[in-house]
Structures are given as C-alpha cells and as structure tokens.
C-alpha cells in the first residue's frame, strides 16, 4: 500500500461501521433489512393525510354482514370459510329484538332494530360454528374456520 491509499485507523474504522450499517451485515443487507423492518409511510404521495388518520381505520380481516328482515336472513349466509387466526367482524342488523349467538366461541350480542350488532374476534378455534338468533332460532350462517 502507498501512503496515499492508507487511511488513519480511526477513520478506516468509522468508514467501515458507516458502510455496513449493522455489525455483521453487508451494506446491501443493511439497506434491505432496514427497509423491511421500517413500516411503509402511512401518508400517500401528495395526499397530505397524516399517519394518525390511517391508523384509525378498522382492522383488516374478514367482514361479514347479515340483515334480518321479517325473519329472513340476507347477506353473508350459508357456510362461510375463514382462515385460522384471521380477524373476523360479523355485523348483523335485524328488524326485531333478539340475541345473536356465535356457537363454539360463545360470543353474544343484543339485537335492537336500527342498531346493528357487531362481533369482532380472532378465528382461533378450528371447526364449523353456527351464528344464530336465539329467540327466533334462525341460523344466519355457519362459520367454517380452518
């Protein structure tokens, strides 16, 4: 080595640390791992929407909606498949007072006309479970988890 290409020991060490990012990773790995571990910006380009507005949105997952009118269920009825561990939001609107019950998970919600009932839960029990109206005895849907 010539004197021109040799860096002082402290400067060489500082340069090496800056270039590698983290101990034991190459600059490419450091760049990709920091990009992977950093959450994407919640503000879309040019929208001016602050990140807090984005985080106030409802959680992702499966959304099911059933409307009961005159004893008849419409919407997401029948057998509905969802993945194990998935977040599920079941919204039921009824024109009559009743109780919504999701068997197996033992979740209930009071139904009052004009006020949809909402059950939000993690589908962490595998199997097939009925959601029904207790007083009417009406099965709204069968949730197939797995």
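Read the figures in this text as sums done on the coordinates, not as results from a lab. Fair warning: this is a prediction, and the values are worked out from it, not measured in the lab. Quick reminder, even Gly has a Cβ in these numbers, built from the backbone with ideal geometry, and neighbours come from all protein chains shown.
Give the calculated FRET efficiency between residue 99 and residue 60 to the nearest 0.05, with a Förster radius of 35 Å applied to their Cβ-Cβ distance.
0.80
With all distinct Cα pairs included, what does the Kirkwood hydrodynamic radius of segment 62-145 come out to in Å, to one decimal, could you say?
Every distinct Cα pair counted, the radius reaches 12.5 Å.
I need the peptides 116-127, 81-92 ranked by packing, meaning the mean over residues of other C-beta atoms within 10 angstrom, with the highest value on top.
My ranking of the peptides, most packed first, is 81-92, 116-127.
When 98, 76, 106 are ordered from fewest to most other Cβ atoms inside 10 Å of their Cβ, what list results?
106, 76, 98
For segment 54-129, give the share of DSSP beta bridges that are antiparallel, in percent and rounded to the nearest 5; count only bridges with both residues there.
Once the DSSP bridges in segment 54-129 are tallied, antiparallel ones form about 70 percent.
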